[in-house]
Amino acid sequence: MTFLFRAAFWFAVVGAFLPRDIVLDEDRASAPVERTAAIDASSAMAELCRSKQAVCDAGEEIAGVAKLAGRYAAEKAVKALTETQ
């Protein structure tokens with residue numbers, strides 16, 4: 001079960017940074033290798049979400065928690081930096 005949560009978390013993290021636009025096959029030939037890899041990963045992620053919606057839902061929940069934790073950590077860091085100055 002822990003594996004599923006970890007997998008969902010990392011899929012959500014990767015999915016958050018992937019481009020949302022759709023690239024047609026003729027545009028794919030001119031796209032850089034990194035972008036093509038990101039598009040392939042996005043397609044795989046979309047297929048996973050279609051077949052296993054619970055994994056994507058869990059990933060969204062985990063991403064939300066990670067976002068809150070990151071925001072809290074950033075606020076603490078800013079506070080610590082301003083207090084030391």
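Quick check on my filter: what residues within region 25-39 are surrounded by 10 or more Cβ atoms within 10 Å (Cβ to Cβ) and modelled with pLDDT under 70?
Asp27, Arg28, Ala31
It is to be established whether one or more residues within region 16-23 are modelled with pLDDT under 80, of a type in the set (Gly, Ala, Ser) and either over 11 Å from the mean Cα position of the chain (by Cα) or loosely packed, with under 13 Cβ neighbours inside 10 Å (or both). Steps first, please.
Start the filter on region 16-23 by keeping residues that are modelled with pLDDT under 80, which leaves 16-23.
Then keep just the ones that are of a type in the set (Gly, Ala, Ser); that gives 16.
Filter once more, so that each one left must be either over 11 Å from the mean Cα position of the chain (by Cα) or loosely packed, with under 13 Cβ neighbours inside 10 Å (or both): 16.
Yes: region 16-23 contains one or more residues that are modelled with pLDDT under 80, of a type in the set (Gly, Ala, Ser) and either over 11 Å from the mean Cα position of the chain (by Cα) or loosely packed, with under 13 Cβ neighbours inside 10 Å (or both).
Answer with yes or no whether Ser42 is at pLDDT 75 or above and hydroxyl-bearing (Ser, Thr, Tyr). Walk me through it before giving the result.
Values: at pLDDT 75 or above: yes; hydroxyl-bearing (Ser, Thr, Tyr): yes.
Judged against the criteria, Ser42 is a match.
Taking region 61-85, which residues are free of Cβ contacts under 8 Å to residues at least 40 places away in the same chain and either surrounded by 13 or more Cβ atoms within 10 Å (Cβ to Cβ) or of a type in the set (Gly, Ala, Ser) (or both)? Explain how you work it out, then say what you get.
Narrowing region 61-85 to residues free of Cβ contacts under 8 Å to residues at least 40 places away in the same chain: 61, 64-65, 67-85.
Of everything in region 61-85, those that are free of Cβ contacts under 8 Å to residues at least 40 places away in the same chain and either surrounded by 13 or more Cβ atoms within 10 Å (Cβ to Cβ) or of a type in the set (Gly, Ala, Ser) (or both) turn out to be Glu61, Gly64, Ala69, Gly70, Ala73, Ala74, Ala77, Ala80.
Using beta carbons and a limit of 9 Å, which pairs, at least six apart or on different chains, have the first residue in region 33-60 and part of a helix (DSSP H, G or I) and the second one aromatic (Phe, Trp, Tyr) and loosely packed, with under 13 Cβ neighbours inside 10 Å?
Ala38/Phe17; Gly59/Trp10
The values are calculated or read from the model by the stated rules, or taken from the named source; none is laboratory data. The model shown is predicted, which means the values in this text are computed figures rather than measured ones. Cβ coordinates were reconstructed from backbone atoms using ideal geometry, including for glycine residues, and neighbour counts include every protein chain displayed.
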